[in-house]
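Following: one structure in structure tokens, then a few remarks.
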Amino acid sequence: MSKAFQRPIWFIGLVLMLGVIGLGRRLPDAIRAEEQAGSPVRRVNVPYTAAADGSIPVPDRAIFWFGQVGPTNDNYADVRVIYNDDYLFVTLHLFDRLLFYKKNPSVSELVAWDAATLYLNLDGNAGSAPGVNAHRFVAQVNFNESRDGGAYQASYQGNGTDWSLAATPFVTTDGWQGQGLNDGAEDRGWNVTFKIPFNSLGLSSMPADGTVWGLGLAVHDRDDAGGAFIADKVWPETMSSTQPATWGQIHFGLPMYEPPPTNPGAVVTIRHGLDGVVVADGQVGGDSTCAQSLWPDFWPGWGGLNYSAGAAQERMNIQNQWNLGDWPCFSKYYVTFPLDGLPPDGVIISATLTVYQFGNSNQGGSYDPGRLPEPSLIQVMTVDDAWDEAALTWNTAPLAVENVGRAWVDPLPAGPPWPNVPRELDVSRAAAEAYEAGEPLRLALYSADNALHSGKYFRSSDASVAEARPTLELFWGYDKGFTVAVTSPLQRIAPGDTAVFTLDIQPTDGSVSSVDVAVGNPYADLSVSPASQTLSWLPGVATFSATDWHDPAFTSGLLYTLPITVTGGTAVQTTEVHLLLNGSQIHLPLIWRGD
């Protein structure tokens, strides 16, 4: 049921009774904004770099993904994003078996071949049509031909209803990996980088930290010379090119988490098998063997590999690189931590995910002495959808909602013996949001690495050594130290009557043992007793009466609202009670609809 219809019964009764009283105020917590329906708003938090174009580190870029891997009619995209003082850089690495392009295409022909479109809206992901601050950039792959003069690319600008061809300056570079274009031979894919100057968007400088734009992407696919129809692959999955409200978000700067003022509670450790907790996890992609069992034909089965059984389930590989020739080695990791064992009404102060590294590809140069492994920037993303470990594959794994943390992981020296080196990632913001929503903490780990030997190997929840399994450590507390619940917060009286209100005050930790209760009364014709009182121990019950002093012949309707402040040490909570004088009850047809 939508939260729009989860209003207290007393609120509905109030609306029906106020035949003579105009509701000049909104009752607290009685009218709530309806939550956005459907899929979550997908966001990429983009890191800033002071490096100039041409020297920007690849691993530092934020990464997200969409699409699927298959021999035909499917494309998968890794998307890397970063910005500096002058440009926004968006790079798509596309797994595509068959590459086709049009030599010297017209603008209208660009999307009929292998191409990609980037959508940006400086007004955010809002609006039912592209306005003047919305921009569309298109780039087509080509066979080692120059893009000078704008060949193989085009720009558009919103006009309030649709897109108009524009002359917005931008630069694209592309590359491909395989046997050749337009020949029907099997390839591995192609990549394109959009370099968008901020001044071409009308800005005098880079966006301020915290700025949010709308972001959308579309991949256009061509698998034969005849041009058989293939649907575009888009991000987010419900994106419409002419409705910015359906796009995702690009947020300039990495996210931060500042917990509210809190009374510290305790540390909770969550790990598979500890106190009976189940922490489901799984890897997708090529594992540490680069899906060797499928060699040499990866396309039909790679996207459907599942590692819920066998030796591979005891480890996880996180790996990526710039060269698409090696995409069968790419791997991601998914994990879900249940949070239902935490106490209610708390606050997450901090949360740390620890994964235990036992190796990496080409460890110690054992496989390729000339190219030693390099450090990896492991990135962690939140995931909204539940998943089944037995059915988890590259093609079925959920998309990321938002990137929330990152940490550098160094390669390990040659082994054995294999170590279990702890690697920590700050997931405080993600854990706080999941806890507040009453959901498990679902995470995905991936990287934007570019090096050949970039795989980093970690223990999974199925590791035989329990202490080496992925571990979530939560430091939680209470933001108030006590809770306040009002019995019958709305009462109806006649002139001269008295209503009694009861407050149930419960401690949430040991930080508060007594509280002061104060009731505000801005009305001349109402008295409150007692106006203040102290409960010297908790839990406790505070009662007070409110008496109306109008003559019994008084017939007008009034709504009294009395603010209540409860203070215990440095913790303060406020609430309200309501007194309805001469409320008349009107029975109207009531439609109660859920969605």
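Readers should treat all values here as calculations from the given coordinates under stated rules, not as data from a laboratory. From a predicted model like this one, the values you see are computed outputs, not experimental measurements. All Cβ positions, even for glycine, are placed from backbone atoms using ideal geometry, and neighbour counts span all protein chains on display.
Worth pointing out:
- Computed over segment 398-496, the P(r) tail beyond 19 angstrom holds 65 percent of alpha carbon pairs.
- A crude spin-label estimate for the pair V421 and D479, with each label 7 Å from Cα along the Cβ direction, gives 3.9 nm.
- Centre-to-centre, using Cα atoms only, segment 142-176 and segment 408-462 are separated by 38 Å.
- Equivalent-ellipsoid semi-axes of segment 397-453, from the Cα gyration tensor, Å, largest first: 29, 15, 10
- Within segment 392-422, backbone nitrogen closer than 19 Å to the virtual label 7 Å beyond the Cα of V277 toward Cβ: 422
- By the count of neighbouring beta-carbon atoms within 10 Å, fewest first, W418, W65, W295 end up ordered W295, W418, W65.
- Taking each residue as 0.36 nm, the span from T72 to S55 lengthens on full extension beyond its C-alpha to C-alpha distance by 2.6 nm.
- Computed from the Cα positions only, the extents of the chain along the three principal axes stand at 95, 63, 44 Å, in decreasing order.
- Highest-first arrangement of 533-545, 94-106, where packing means the average Cβ count within 10 Å: 94-106, 533-545
- Label-zone membership for segment 81-98, site Q179, 7 angstrom Cα→C-beta point, backbone N under 15 Å: 97-98
- Nitroxide proxy distance, nm - points 7 Å out along Cα→Cβ at N323 and A386: 4.3
- Label point at T575 placed 7 Å out along Cα→Cβ; residues across segment 492-510 whose backbone nitrogen lies under 18 Å: 492, 499-509
- Relative to the longest principal axis of the Cα atoms of the chain, the long axis of helix 428-437 makes an angle of roughly 50 degrees.
- Estimated FRET transfer efficiency (S128, E186; beta-carbon r; R0 41 Å; 0.05): 0.45
- Here the calculated FRET efficiency for D410 and T487, from their Cβ-Cβ distance with R0 = 56 Å, stands at 0.45, rounded to the nearest 0.05.
- Modelled label positions at E237 and S514, each set 7 Å beyond Cα in the direction of Cβ, lie 5.7 nm from each other.
- In whole percents, the pair-distance distribution calculated for segment 339-454 from its alpha-carbon pairs, binned every 10 Å from zero, is 12, 33, 33, 17, 4, 0.
- Highest mean packing comes first when the peptides 320-333, 516-529 are listed by Cβ atoms within 10 Å, giving 320-333, 516-529.
- MRE, 222 nm, helices only [DSSP H, n ≥ 4, -39500 (n - 2.57), over the chain, to nearest 500]: -1000 deg cm²/dmol
- Within segment 43-252, all pairs of alpha-carbon atoms sorted by distance into 5 Å bins from zero give the percentages 1, 8, 16, 20, 21, 17, 11, 5, 1, 0.
- Share of Cα-Cα pairs in segment 290-387 lying beyond 16 Å, as whole percent: 72
- Neighbour-count order for I63, I348, fewest beta carbons within 10 angstrom listed first: I63, I348
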